[in-house]
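Please treat every number below as a calculation from the coordinates, not as lab data. Everything numeric here is computed off the predicted structure, so don't read it as measured data. Reconstructed Cβ throughout: ideal geometry from the backbone, glycine too, with neighbour counts over all protein chains shown.
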Amino acid sequence: MGSGQWKPTEVLFKNALVYRRQGDPSEDPFVRADLLVEGNRVRRIAYRPERFDLPCDGPGRVVIEGSNLALVPGFVDAHTHLLQTFGRGLMDGLPLTPWLRLIWDYKLSWDGYYYSTLLGALEALASGTTCVSEMITECAHPDAVVQALVDSGLRASVGLAIADYMEGENTPARATDAALKLAEDFVTAWDCRSDGGGSGAGKSRVDKPGAKSDGNPYSKSDLGGRLLARIAPVGLPACTKELLQGAVELSGAYGVGIHIHACEGRAETESSFARFGKSEIEVLDECEVLSPGTQLVHVVWVDDHDIDLIARSGSSVVQCPSSNVRLLDGVTPVVKMQKAGIPVALGGDGAASSGAYDMLVEGRFAAMLQRLTMGDASVLSPHDVMDMLTRNGARAAGWVDLGDLSEGCLADLVGFNVDSPRLAATDCHALLSNIIFAASTRDIELVMVDGKIVVSRGNHTALNVGDVVERAREVLRRERIPRSQVWRGSGA
C-alpha cells in the first residue's frame, strides 16, 4: 500500500443533497448544498441559494459533482467482533449458551486474527460503516486486530475484553489484577487522541503475511486520530465486582469509556440474581459502571426499574437485532428506552452470530422488530433509525464531533446514488425512508473516512479486495475453528 494513497485531500462536493437533522420532523431532511472538506473536517456547507467555488487545480484538491448524490453521516457500528469473521457460517443453529461455548474456543494465529478482522472491516466499509466499536475477545494477538483496523481505513474505538470469573469454576479465568493490567497496557499502547495526520500508510500488514509485532508499530501521527481505546469488561457473567470497580477506576484515570455486554440472555440474568440477589443493571449501578461514558450492549432482559437506572446514569445502549434474534436472546425494548431518554445505537456484533456487517440491514431490521413487538407501525421513524446509525452510535463509541454533517465535524460520510431505482424519489422525506428501508450496498457511490475517500463505486481505494480475500482463504485453511454440528451431520 503506497503512502500517497492515504494522503488527506481537500474535497468539494458541489450541489449535493446533504442530510440535515432537523428539530422539526416536518422540515426537509435533505437540502441542496456545496460541502467542503479540508483535511479531516467538514469546513463549510453552503446551502442553496448560497454557493462557493474552489479551483479545480492544486495538489490534493478534488471537486465532485454531487447532483446525483445524497450525503449522509457515516454509519457507526457501536458493537462489533470483527475478529470473529472467520467463524461466519460455522456456528449456525445454536442459541446463546451453546454458541458461547464454541466462541470461547475460537483461537487463531496472528495471521488468522489479522485477516479475519480485515475481511470484516472491508465488508463494513463497503456497506457505509465508517466507524466501529470493536471488542477484542479472548485473543492472543490483539495487535493483529488493531493493525487490520488501521490498514482498512476505518475509524475505530477498540477495547480488549477482560474477565476474572467463570461460572461453576472454583478458580477465576484470570486473576483480577492481571486482567486489569492487560486493559491498562492496551489503553496506553493504542489510545490515540491526536488531531489530523496520516493513517499508518506504508506499514500495512497486507503485504507481509506472517509478520509479527510485539507492540504498536504506529506513531500517533500515523494513526491520525482514528483510534480510541475503551475499557472492556466482558460482562457481569464473566466478571467479579472487584474487576468492574477496577475497570471504573481505569476509565477515570485514562479518560476513556467502558464497553460491556449486559443483560443479553435469560440465563445470564438469572445468574445475576443467583450470585448477587440483584439484576445485572443493579449490580453495574452499584459498581458505578453506569455513566455517560458507558456503552451497554444488548440489554434485552431488563425491567422498568433497570431502564430508569440506565436513563438516570446517562449510559448508552447498543442493540444488536440480528445477533439477538439468531441466538434467541430476545428483543431490546428500544421504544421504552427512547421514551426514557436513553440514546440507543446499533451494533452488528460478530459475523459468527449476526451473519453480516451491514448497518442498513441492522437499522431496518431493528425498526421492523420494534413495530412488530409493539404492534405499532409508526414507531422508530426513518429519522430515529438514522440517529441510531450515526449520532447515537458516535456517542456510544466515545467520539465527539462525529455522527453529523455540520461545519467543524469529522469528515466521515456516505454518498448514495439517487439515480438508483431504489432511491428514485422527488420527495426528501421519501428519499430518507428509501435509504433506510430500501437501499443496499449497490447504491453507495462513495465512503469517506477522516476526509479520505476509502471506497469509490464499490472498490476500496487503497487495497485490492480480491487479493485480500485470496490470502484470507489461504490463512483460513490453516486455522482450526470450532463448528456447530447442527445441519452438518456427524461426519461434518
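Details
- Between 0 and 90°, nearest 10: helix 142-152 axis offset from the chain longest Cα axis: 10 degrees
- Between residue 303 and residue 245, the C-beta separation translates, for a Förster distance of 30 Å, into a calculated FRET efficiency of about 0.80.
- Highest average packing first - 41-47, 111-117, 372-378, 89-95, Cβ atoms within 10 Å: 111-117, 41-47, 89-95, 372-378
- Using only side-chain charges placed at the Cβ, +1 for Lys and Arg and -1 for Asp and Glu, the dipole size of the chain relative to its Cα centre rounds to 1120 debye.
- Semi-axis lengths (Å, descending) of the ellipsoid that matches the C-alpha gyration tensor of the stretch 235-366: 23, 16, 15
- With all projection directions averaged, the alpha carbon convex hull of the stretch 232-305 covers 4.4 nm².
- The candidate values were (1) 69, 53, 51; (2) 100, 51, 45; (3) 160, 53, 39; the one computed from these coordinates for Cα extents along the principal axes in Å carries the label (1).
- The fraction of all Cα pairs in the stretch 73-143 landing in successive 10 Å bins from 0 to the largest distance is 19, 48, 30, 3, given as whole percents.
- Spherically averaged projected area in nm², based on the convex hull that wraps the Cα atoms of the stretch 419-485: 8.1 nm²
- Ordering 412-418, 467-473, 16-22 by mean Cβ neighbour count within 10 Å, with the highest value first, yields 412-418, 16-22, 467-473.
- Counted by Cβ distance under 11 Å from residue 176, the other residues give a net charge of 0, where Lys and Arg count +1 and Asp and Glu count -1.
- With contacts taken as Cα pairs under 8 Å at a separation of at least 6 residues, the chain carries a relative contact order of 22 percent.
- Residue (of 104, 313, 355) at the positive-pole extreme of the stretch 75-397, dipole from beta-carbon charges: 355
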